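Below: one structure, written as structure tokens.
Read the figures in this text as sums done on the coordinates, not as results from a lab. Just so we're clear, the structure is a prediction, and the values are computed from it rather than from any experiment. Note that we place each Cβ from the backbone using ideal geometry, even for glycine, and neighbour counts take in every protein chain shown.
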Amino acid sequence: MMNSFGSQLKWQFVLLQKNSIITISIVVTLMYGLVLYFLRDIGSLDKLLVALVLNDPSVIGYFFIALAIYIEMKHQILQAIFVTPFNLHHLFLSKVISVSLIGMVCSLGLAFSVKGFDFNIAWYAVGSLSICILSSLLGLYMLTFSNEFLKFAMTSIPVFLAFVNLPLLQYLGVFEMGVVKCIFPIQGSLDLIDYSVSGTAINFGFAIASIVVFIPLFYWLAYRRFLRKIVHQ
Amino acid sequence: MKKIFKLAFTDFKLIFRDPSLRSFLVLPVIVFALIIWAVPPLIEKYAILAPYLSLFLVIGVIENTQMFCFISSMVLIDEKESDVAKVYGVVPLNKMEYILSRFLIPYLFTVVLNLVLLSVQTICEVSVLAILLISFLAALVVPVYALAINSMVQNRMQGMVYIKAFNMLVLIPVAAFFVPEKFVHLFGFFPTHWVFQAIDKATQNLSIGLFATIGFVFFLILLWWVSRTFVRKHFV
């Protein structure tokens, strides 16, 4: 079982590299890093860093996982896979984990350029990985509502804005939503990142619980809908 | 020239046949709404934004160019994926005429968008000459962007990856607004830097001649270079 999953995961990375996603993501991160390094003297860049993490690496998961599925559907690859004794959980997990790991590495790259090693790397990695996983799963869920990528991209704008930018605006202090913020799926991960880079006091119990609840919930929702709308049709 | 116009209009109609591409035409409306109705009250409310007035125009102008950067890139990638590009390779137009026909309307459309945006906005006062120069200069982003992407990518997946990277390259010179004066032109390696600096000078009622000239020369050299690369790679 592990071999099958390991093999799927390896091939997902091969596919990502074949489509230049890994190389371009690293290049983009290096360029952001360079700019952030230049800007480090203008004051604290913590908020800019968090805004970038929420709007760049998380996008890798959301859009590229959906784009990969649309391309596999268009070229009848998924249809071929579905008639083999494959395990949909393996396919799902391998896709989500591969893009999320890339997103996490890019997020870490951004943080290193701003903070050096002066931040809590472990919690930051957990927070950014969780955001990437959640956005990938949301991408898998949302793609079932459109039959091609550009439509998906358009319908995604309000969804992705709500998913990422509402918590971001709350974090930036544009508005205060009180306890309502707890229903934002990425709030726990965002708190962990905030704590890691700025040392802000957070409720760890809530942050961990939020991640532990929302990731399985998103997985379940995406899996069920994918099974019904893509695999069975 | 008649053939070029005919192909240009036929090509432009493609966008309206594809509902998913058509929906991207709404993006400038969002940019206009933000610049005309959302930004002025924000500036009034938050004095901290006062030093960055030109930045709002920079973002508005460059976002107007992004619509056709995306649409033209996707249309050309689609043609490559579906092998239609090979058919275009044998039409009775030379390759440069083909490129002109594909980008004539997107370029002019983008020029008009920015002419209107810069004329109706109330954030800063910009002279008519500056508006004209900035609009014609900024719209050059469209062909350079789309041709460069299509010179590099083989499929839609790679296309989207490169679009993400190119969006960042286009916007990166915004950072020049936040660095000390002596470092500003370190961002001059990016062609959009000269557009942004021209807008900045225009909003201060200073001459934009130098920056606009550098921008035009930079973009036209890039355009010539990416056009040659595109012609070599797109039709095979």
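Summing charges over all other residues whose Cβ lies under 13 Å from the Cβ of A:LEU166, with Lys and Arg as +1 and Asp and Glu as -1, gives 0. Hey, with R₀ at 35 Å, roughly what FRET efficiency would B:ALA47 and B:LEU132 work out to, going by the Cβ-Cβ distance, to 0.05? Efficiency computed from Cβ-Cβ geometry: 0.65. Summary of the geometry: region A:73-90 and region B:192-228, compared by the centres of their Cα atoms, lie 50 Å apart. Here is what passes the span test in chain B: the DSSP H helices with alpha carbon length of 27 Å or more along the helix axis and a Kyte-Doolittle mean of -1.0 or above are B:53-81, B:95-120, B:209-234. Axis of helix A:187-198 versus longest Cα principal axis of chain A: the two differ by about 40°, to the nearest ten degrees. Based on DSSP H segments of at least four residues, each scored -39500 (n - 2.57), chain A has a per-residue ellipticity at 222 nm of -24500 deg cm²/dmol. Under the criterion of Cα pairs below 8 Å and six or more residues apart, the relative contact order for region A:45-231 equals 30 percent.
Order these by the 10 Å Cβ neighbour count, fewest first: A:GLU148, B:GLU125, B:GLU79. The partial results should precede the final answer.
Working: A:GLU148 15, B:GLU125 11, B:GLU79 19.
Least crowded to most crowded, the residues run B:GLU125, A:GLU148, B:GLU79.
For region B:166-211, the relative contact order is 31 percent, taking Cα pairs closer than 8 Å that sit 6 or more residues apart in sequence and dividing their mean separation by the residue count. Ordering B:GLU181, B:GLU97, B:GLU63 by the number of other Cβ atoms within 10 Å of each residue's own Cβ, fewest first, gives B:GLU181, B:GLU97, B:GLU63. Semi-axes of the equivalent ellipsoid of chain A are 31, 20, 16 Å, computed as sqrt(5λ) over the eigenvalues of the C-alpha gyration tensor in descending order.
Net charge near A:GLN187, counting Lys/Arg +1 and Asp/Glu -1 over other residues with Cβ under 11 Å of its Cβ?
It works out to a net charge of -1.
Mind checking the angle between helix A:2-18 and chain A's longest principal axis? C-alpha axes, 0 to 90 degrees, to the nearest 10. The two axes meet at around 70 degrees. Computed over the alpha-carbon atoms, the protein assembly as shown gives an Rg to Rh ratio of 0.97, Rh here being the Kirkwood radius from the mean inverse distance. Modelled this way, with points 7 Å down the Cα-to-C-beta line, the labels at A:LEU88 and B:LEU34 are 3.8 nm from one another. The calculated P(r) of region B:47-141, using every Cα pair and 5 Å bins from 0, goes 2, 12, 19, 18, 14, 11, 9, 6, 5, 2, 1, 0 in percent. For chain B, relative contact order (Cα pairs under 8 Å, six or more residues apart, normalised by length) works out to 25 percent.
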